[in-house]
Amino acid sequence: MDKKAFGYPTFDASGVKTLTEYSGPYRDMLMDIRVYRPTSGSRLDFVYPGEEMAVLLQRGRISLSWEGSSRELSRRDVFTGGPWCLHVCAGVSVTVEALSDDAQILVQRTHNSGSFESRLYSEAEAPWVDVAKGMFGDTANRRVNTFFDHATAPYSNMVMGEVMSARGNWSGYIPHSHPQPEVYYFLFEREEGFGASFVGDDVFKITDGSFSAIPGGLTHPQVTAPGYRMYTCWMIRHLDRNPWVARIDDTRYLWLNEARF
């Protein structure tokens with residue numbers, strides 16, 4: 001089993017959880033991804049020359065400032081509130097001030113020296129879409145949103161979106177792959193929630209706050225236990241001259257698309 005395909009990180013004393021970095025065991029993901037839990041009244045400043053960045057609010061209330069703009073944003077949690085995500089190019093300074101003690105943000109970065117206009121995505125720009133409803137014996141129901149991808153943001157080297165898997169249901173189904181690396185960050189409504197992540201021929205237990213680091217070319221479906229909705233933030237890194245544009249379904253399972261149970 002390739003343990004580098006999965007991780008169970010914890011928050012350090014400063015309230016930072018590191019998922020992937022440009023060096024270390026998950027360097028093949030080609031992204032720096034971290035989760036922050038700032039205390040109320042504290043301030044986080046982000047600016048990275050040569051790197052684009054996405055700042056996703058997952059919980060709580062924050063004040064978000066960038067390029068002369070400022071917004072107060074709130075989200076009860078990923079299971080009940082609409083999303084907010086700010087996407088900026090290299091060198092843009094972003095400040096996050098926590099306005100509640102339960103604030104949590106996820107920051108995704110990758111190398112990209114190109115310039116583009118900053119954009120704040122709300123639920124209106126990234127609506128939830130039902131996927132696979134009623135298919136596969138009604139066992140793969142999930143809701144998906146996409147903040148930006150190659151179709152909507154061809155200037156970016158990243159993709160970011162969210163998945164809400166129904167209780168006891170599969171997502172990433174049917175099994176599929178793509179050459180580009182992908183990271184999943186998982187959360188559950190209750191901390192004892194769990195599921196299973198399949199990366200190629202390996203299987204890992206999904207727990208609250210764990211993540212999957214999926215090398216290009218491996219299939220990667222996952223399932224959540226009955227009784228537990230599972231949230232996934234999904235992040236893909238485009239490859240040079242080979243951006244992610246579509247999934248490649250495992251041909252052995254294509255028959256399921258026409259099956260009726």
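The values are calculated or read from the model by the stated rules, or taken from the named source; none is laboratory data. Small disclaimer: the values here were computed from a predicted structure and weren't measured. Quick reminder, even Gly has a Cβ in these numbers, built from the backbone with ideal geometry, and neighbours come from all protein chains shown. In case anyone asks, the SASA skips ligands and DNA or RNA and just uses the protein heavy atoms, side chains included. Shrake-Rupley method; radii C 1.70, N 1.55, O 1.52, S 1.80 Å.
Taking strands (runs of 3 or more DSSP E) that fall entirely within the range 125-191, which contain at least 3 residues that are under 22 Å from Met53 (Cα atoms)?
142-148, 158-165, 182-188
Within the range 175-191, is there a residue that is more than 14 Å from Phe6 (Cα to Cα), open to solvent by 20 Å² or more (accessible area, probe 1.4 Å), free of Cβ contacts under 8 Å to residues at least 24 places away in the same chain and touching a Ser or Thr at 6+ places or on another chain (Cβ under 9 Å)?
Checking the range 175-191: at least one residue is more than 14 Å from Phe6 (Cα to Cα), open to solvent by 20 Å² or more (accessible area, probe 1.4 Å), free of Cβ contacts under 8 Å to residues at least 24 places away in the same chain and touching a Ser or Thr at 6+ places or on another chain (Cβ under 9 Å).
Kindly state which strands (runs of 3 or more DSSP E) lie completely within the range 23-77 and contain at least 3 residues that are open to solvent by less than 50 Å² (accessible area, probe 1.4 Å) and farther than 22 Å from Glu117 by Cβ.
The strands (runs of 3 or more DSSP E) meeting that bar are 32-36.
Restricting to the range 95-113, name every residue that is open to solvent by 40 Å² or more (accessible area, probe 1.4 Å) and farther than 17 Å from Tyr22 by Cβ.
Result: Glu97, Leu99, Asp101, Asp102.
Any residue at all in the range 137-155 that's of a type in the set (Phe, Trp, Tyr) and either open to solvent by less than 60 Å² (accessible area, probe 1.4 Å) or under 19 Å from Thr232 (Cβ atoms) (or both)?
yes
What pairs can you find where one residue is in the range 209-227 and open to solvent by 10 Å² or more (accessible area, probe 1.4 Å), the other is polar (S, T, N, Q), and their Cβ atoms are less than 6 Å apart, with a gap of 6+ or different chains?
Short answer, once both residue conditions are applied: Gly216/Gln180; Gly217/Ser177; Leu218/Ser177; Thr219/Ser177.
Answer yes or no as to whether Glu123 is of a type in the set (Asp, Glu), in contact with a Pro (Cβ under 8 Å, 6 or more places away or on another chain) and surrounded by fewer than 16 Cβ atoms within 10 Å (Cβ to Cβ).
Yes, satisfied.
What are the residue pairs meeting all of these: first residue in the range 98-123, first residue at pLDDT below 95, second residue not in a strand (DSSP E or B), Cβ atoms under 6 Å, and 6 or more apart or on different chains?
Pairs found: Glu123/Gly82; Glu123/Pro83.
Could you tell me which residue of the range 7-51 is nearest to Arg109 (Cα to Cα), considering only residues that are acidic (Asp, Glu) and over 20 Å from the mean Cα position of the chain (by Cα)?
Once the filter is applied, the top-ranked residue is Asp45.
Take the range 156-174 and flag every residue that is over 22 Å from Gly217 (Cβ atoms), in contact (Cβ under 8 Å) with a residue 60 or more places away in the chain and not small (Gly, Ala, Ser).
Glu162, Met164, Arg167
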